[in-house]
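Each value in this text was obtained by applying a stated rule to the coordinates, not by laboratory testing. From a predicted model like this one, the values you see are computed outputs, not experimental measurements. Heads up, the Cβs are rebuilt from the backbone with ideal geometry, glycines too, and the neighbour counts pull from every protein chain shown.
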Amino acid sequence: APARHVLVVRAHEPTWLSVRPDAGERRQVLLQPGQAARFGAEVGFRVTVGNAGGVALWFNGAPLPSLGRSGEVVRDLILPPPQGGSPASGAEAAPSRQ
C-alpha cells in the first residue's frame, strides 16, 4: 500500500541526514549535489539534517521553507508538524551551529 506521507529531499550541497519514519528504524544517507532521497511513512517522520542550507525538502508534494543556512545542523524536525506548528518554526526543530 502507498505511504500516507512522503518526504523528498534534494541536495544542492553535500548533506548528511537521518530520517526515522513512524517509530521504525532510522535511515541515514549522505547526499551529494543533484541527488535526492524519498521516504514514506504512515504517521510521520523525525528528521536530522547535517547541512540545513544544502537541501530542499518536499512533504506530501509541497515544498517546505528553508531549514537554515549552509552548515547549520537541524535536529528532531517533526513532520507533519505538531498541531499549530510549522516545519521550520524552531519549536519542532532545534538548529545548532557546528
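Annotations
- Cut-off under 5 Å, modelled amide H: who pairs with residue 44 long-range: 22
- Two-site label geometry, residue 6 and residue 62: point separation in nm, points 7 Å out along Cα→Cβ: 1.6
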